[in-house]
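In what follows, a structure is listed as structure tokens, so that the remarks can point back to it.
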Amino acid sequence: MPHAASASFRSEASYRPFLLVGLFILALVGSVLLGSERFVQTLTGEGGAVETLSAAGYLVAAAMLVREANQHFLKTHFYFVVILLALCMRELDFHNLMTTMSITKTSFYVSGDVPLLEKLAAVVALVTVGAAVVIAGLRHARQFIAGLRGLHLPAVGVLAAGLSIIAAKTLDGLPRKLEGLGIDLGASAAVVSTGIEEVIELGIPLFLMCAVLAFFPRRHPQNPERGAAR
């Protein structure tokens, strides 16, 4: 992200959205811990409120980015939008929704049951997303680290989203992982574990939305030069 804009991060942005998101996630975690099994499954199950909000959150974050950024920024940072849309599609299970099997499995590419056109489309999609991630990393890794050191809110938002991804992946399939170690959580605990995982995943788009808000603070009419500084 442009260095020139980073100078105004702390003066114009607020930690309030981050605090609200954190409290919201904690409240949902509390609901999962205290709610009945049926309530948790309804809230966090497939097609439930949490999953729907997660998918919508990525779309909102992408829309916010498109709305706030100028045309030049979008052309030179198109990969941010690609990543957000890819995360949304992943949340909606597009990786196996319209294909013979999940495109994340090696068997998808070697199986004779999968049409060649499906394989080509999957390769194009994965290469596109992979390239977007690599470009973003190469272009912004140093600025991201510098932003964390300076506690710049866009970097904090991206870090919070990244930590949410790590936490969610750690909880993903936890009952199955523990069974391999001889630990049986039981059905109820498995439902709670999965519910908390889904809630944490909701934090990913919400923290990214906070990062976008912090990177593009609202324009101040009395100082039009701020908008031009992007």
Per residue solvent-accessible surface (Å²) - region 16-215, probe of 1.4 Å: 56
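Considering only protein heavy atoms and a 1.4 Å probe, what is the carbon-and-sulfur percentage of the accessible area of region 17-174?
Numbers: 6630 of 9240 Å².
For region 17-174, the apolar C and S fraction of the accessible surface comes to 72 percent.
Under a Cβ-only charge scheme (Lys and Arg +1, Asp and Glu -1), can you give me the dipole magnitude of the chain about the Cα centre, in debye to the nearest 20?
1120
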Helix 16-34 axis, angle to the chain major axis (alpha carbon atoms, nearest 10°): 10
Net +/- balance of residues flanking L174 in space, Cβ distance below 13 Å, scoring K and R +1, D and E -1: -2
Most mobile of L171, L43, L97 in a GNM of the chain (Cα contacts under 10 Å): L97
Residue (of V81, I204, A190) at the positive-pole extreme of the chain, dipole from beta-carbon charges: V81
Top of L85, L151, L206 by mean-square fluctuation, Gaussian network on the chain, Cα under 10 Å: L151
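Using only DSSP helix segments of four residues or longer, with each worth -39500 (n - 2.57), what per-residue ellipticity at 222 nm results for the chain after dividing by its residue count and rounding to 500?
Estimated from H runs of four or more residues: -24000 deg cm²/dmol.
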Matching label, percent of Cα pairs over 26 Å apart computed from the structure shown, candidates (1) 42; (2) 47; (3) 37: (2)
Residue with peak Gaussian network fluctuation, the chain [Cα springs, cutoff 10 Å], from A62, A132, A211: A132
Cut-off 11 Å between beta-carbons: net charge of the residues surrounding I200, Lys and Arg +1, Asp and Glu -1: -3
Angle in degrees between helix 49-68 and the longest Cα principal axis of the chain, rounded to the nearest 10: 20
Principal-axis tilt of helix 187-215 within the chain, Cα atoms, nearest 10 degrees: 20
Nearby lysines by direct alpha-carbon distance to K169 (threshold 29 angstrom, same-chain neighbours under 8 apart not counted): K105, K119, K177
Karplus-derived HN-Hα couplings along region 150-167 (A = 6.51, B = -1.76, C = 1.60, θ = phi - 60°), whole Hz, x at Gly and Pro: x, 6, 6, 4, x, 5, 4, x, 5, 4, 4, 5, x, 5, 5, 4, 4, 5
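Please list the three semi-axes, largest first and in whole Å, of the ellipsoid equivalent to region 115-227, using sqrt of 5 times the eigenvalues of its alpha carbon gyration tensor. Walk me through the intermediate numbers first.
Values: eigenvalues 246, 107, 38 Å².
Working through the eigenvalues yields semi-axes of 35, 23, 14 Å.
The values are calculated or read from the model by the stated rules, or taken from the named source; none is laboratory data. What you see is a predicted model, and the numbers here were worked out from it, not measured in a lab. Heads up, the Cβs are rebuilt from the backbone with ideal geometry, glycines too, and the neighbour counts pull from every protein chain shown. Quick note on the areas: whole protein, heavy atoms, side chains included, nothing else; ligands and nucleic acids left out. Shrake-Rupley method; radii C 1.70, N 1.55, O 1.52, S 1.80 Å.
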